[in-house]
Amino acid sequence: MACSVLLSGAVSGGPEDIPPPKGVYSEDTLCVEPVEVMRRQHFDYILDHRDRTVVEGIRTKQYSLIGCIDCHITPNAQGEYARYSQDTHFCASCHLFTAVNIDCFQCHADRPEEAIRKAQEPDVKAQQSVPELHETLQFSTITFDR
Amino acid sequence: MSTEPVMRYTLDITEDISVERRNFTQGIAALAGLTLAPGVFLYCAAEAKPDDQAVSSQQRWGMLVNTNNCQEDCDACVSACNEENGLWSLGRPATDAQWIRKLNVKDRQTGHVTSMPMMCQHCEHPPCVDVCPTGASFRRVDGIVLVNKHTCIGCRYCMMACPYKARSFIHEPLQDQLPHSPRGKGCVESCTLCVHKVDRGDNNTACAEACAKEGHQALLFGDLNDPESEISKRLEQFGGTQIRADLGLNTGVRYQGI
Ligand code: SF4
Ligand code: SF4
């Protein structure tokens, strides 16, 4: 329900500002499960997969968080990748709207590896003022427009 | 400790294996065709396990350190580990994470300096696992000792229990962690024996690769359970010392020349 409000473009940092996913999971499906299922249950899949991966070393790609990030976090027109601390980040856009506070990205990469390696280059690093993760994760970054 | 994953939800998660298999075979094809120079191909002998297969106790991964080859002034293994696992410094060396460090030990009688890297020894009977109140510190069935950061509460008992001072605690928020190396504030961490590389069939660790690249060949990674592996053959022929063998931990990292 909340997501359908989001997808109607009621939020700044709404879908029009979020770079589209690659949508290339397989030849016949864009995402790893139908979109309605993913909206409601993505965390169940991720939670189940995390135990299999950490404990058993199962490294399938279908429900891997790295896979989600690689597909969904794509560069914008300026070639920049959003961080989780920004409302144009695919995950953050909905979590902010629904006031869900998750801690996945306190440890996990919020962008694909190429974006992170790039951010570590000294000249890039010097230029950016990186917002503190929790400092910016506030509901106030959202403006409603309906 | 049971290695069964904790199932909190009764979801029917049947992964699309055909896609996995295809990705897997494509990966192998890419490996097999890796061109080093025109006409020279690298054929990778190591078999990667299929992605959907759990690790097994048929393997026990370990490392052999030949201290006679280790150079006093070299820290290529340490830099490689930091680079591989995204251990960027926060500018506070006292609390920066160290997964591997270099030790130089001088014999006062002879003046001989023995140089060696020290990291988690991937004990068969790990004290860090014994003391962990949540089961977060665990030994994977293939011998790799890890921290499950999802259940680590940051109590640091394991750090006190480890005889090798192998573990680090993360004191402050981190950013820009690498995808294969999640790590963050409030959790303990240590050498993972490059578990992400092991699982994709690299059959090597970042430190051992870097050491070989320097031409020192002091680090050898391999399967201690496979009698045909290079590490097993060398251990059988020349032996390998456990540091603090008196503790009876049966370490997976063995040393020669100490
Ligand atoms: S060396 Fe320390 S951290 Fe590693 S398995 Fe042994 S007790 Fe645990
Ligand atoms: S710090 Fe984490 S891994 Fe170590 S003993 Fe405590 S809960 Fe276990």
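The values are calculated or read from the model by the stated rules, or taken from the named source; none is laboratory data. Keep in mind that what you see is a predicted model, and the values were worked out from it rather than measured. Ideal geometry is used to build each Cβ from the backbone, glycine not excepted, and the neighbour counts take in all protein chains shown. The protein model used for the area step is the full one, side chains on, heavy atoms only, and it has no ligands, DNA or RNA in it. Shrake-Rupley method; radii C 1.70, N 1.55, O 1.52, S 1.80 Å.
Would you mind getting the accessible area per residue of the range B:65-150, heavy atoms of the protein chains only, 1.4 Å probe, in Å²? Walk me through the numbers on the way to the answer.
Values: 4070 Å² over 86 residues.
On a per-residue basis, 47 Å².
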Given A:Lys61/B:Lys49; B:Lys213/B:Lys233; B:Lys149/B:Lys185; B:Lys49/B:Lys197; B:Lys102/B:Lys165; B:Lys102/B:Lys213, the pairs whose alpha carbons are separated by over 19 Å: B:Lys213/B:Lys233
If the chain between A:Glu113 and A:Ala99 were fully stretched, how many nm would it gain, using 0.36 nm times the residue separation less the Cα-Cα distance? 2.3 nm
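Per residue, how large is the accessible surface of the range A:36-123? Use a 1.4 angstrom probe and give square angstrom.
Working: 4030 Å² over 88 residues.
Each residue of the range A:36-123 exposes 46 Å² on average to a 1.4 Å probe.
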Residues of A:60-67, mean number of Cβ from any other protein chain within 10 Å of their own Cβ, rounded to a whole number? 5
Within 10 Å of each Cβ in A:31-43, how many Cβ atoms from other chains are there, averaged over the peptide? 1
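Across the residues of A:46-52, average count of Cβ atoms on other protein chains within 10 Å? Don't jump to the answer; show the numbers that get you there.
On the way: counts 0, 6, 8, 3, 6, 8, 6.
Mean partner shielding for this stretch: 5.
Of all accessible surface on the range A:36-123 at a 1.4 Å probe, what whole percent is carbon and sulfur?
Values: 2190 of 4030 Å².
Reported share for carbon and sulfur atoms: 54 percent.
Counting only protein heavy atoms and rolling a 1.4 Å probe, how much accessible area do B and A lose on contact, total for both sides, in Å² to 100? Please report the intermediate quantities before stating the final value.
Numbers: alone 15140 and 9990 Å², together 21320 Å².
Answer for the B-A pair: about 3800 Å² buried.
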At R0 = 22 Å, FRET efficiency that the Cβ-Cβ distance of A:Lys22 and A:Asn76 yields, to 0.05: 0.95
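Using the Cα centre as the reference, give the magnitude of the dipole from point charges on the C-beta atoms of the range B:61-256 (Lys, Arg: +1; Asp, Glu: -1; all else neutral), rounded to the nearest 20 debye.
On the way: 20 positive and 23 negative charges, 126 e Å.
Magnitude of the dipole: close to 600 debye.
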Given 0.36 nm per residue, what is the gain on full extension from B:Ala161 to B:Thr241 after removing their alpha carbon distance, in nm? 26.7 nm
Among the residues of the range B:179-201, which ones have their accessible area go down by 30 Å² or more when all the protein chains sit together, as opposed to their chain alone (1.4 Å probe)? B:Pro179, B:His180, B:Pro182, B:Asp199
Give me the percent of the accessible area of the range B:61-256 that comes from carbon and sulfur atoms, probe 1.4 Å, all protein chains in place. 48
Take peptides A:33-46, B:195-208 and line them up by average Cβ neighbours within 10 Å, highest first, as a rough protection proxy. B:195-208, A:33-46
